[in-house]
Each structure stands twice: as C-alpha cells, then as structure tokens.
1. Kindly indicate whether any position in the range 34-47 is assigned to a loop (DSSP other than H, G, I, E, B) and modelled with pLDDT of 90 or more.
2. Looking only at residues in the range 48-67 that are part of a helix (DSSP H, G or I) and loosely packed, with under 13 Cβ neighbours inside 10 Å, which one is modelled with the lowest pLDDT?
3. Considering only residues that are at pLDDT 85 or above and not in a helix (DSSP H, G or I), which ones fall in the range 1-33?
C-alpha cells in the first residue's frame, strides 16, 4: 500500500462520513414519527457499517488518484 492509496482511502472515508452525517442530520431535521425515525436511523447505521467494512477490507470502491 503506497501513500497515494492511503490518502485516497482517507479522503473516501471523510466524504462518505460527511454524506452519512448529512443523512443523519436530515432525518432529525424532518422530524419523522418515532417508529419511522428509528427504522431510518437504523438503516443509515447499517449502511455506514457495511460500507466501512467494505472500504477497510478493500472490496468497496475508493477514489482513484491519478499518478
């Protein structure tokens, strides 16, 4: 693993983290009723964990940097 691939993984994690944070904030800002709120937040958590596992194991797509 070279430096550019490590930077690509970090940038990918930051961008995906920002996207999932905005989803989390958006669900809270909408003010859904309680069962729907918990279900949607549970799905966001599940998708986040699955994507993070994919990035850390190398099976999820990461940003490609030109050399």
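The values are calculated or read from the model by the stated rules, or taken from the named source; none is laboratory data. Quantities reported herein were computed from a predicted structural model and do not represent experimental measurements. Heads up, the Cβs are rebuilt from the backbone with ideal geometry, glycines too, and the neighbour counts pull from every protein chain shown.
1. No - not one qualifying residue is present in the range 34-47.
2. Checked the range 48-67; the qualifying residue modelled with the lowest pLDDT is 56.
3. 31, 32, 33
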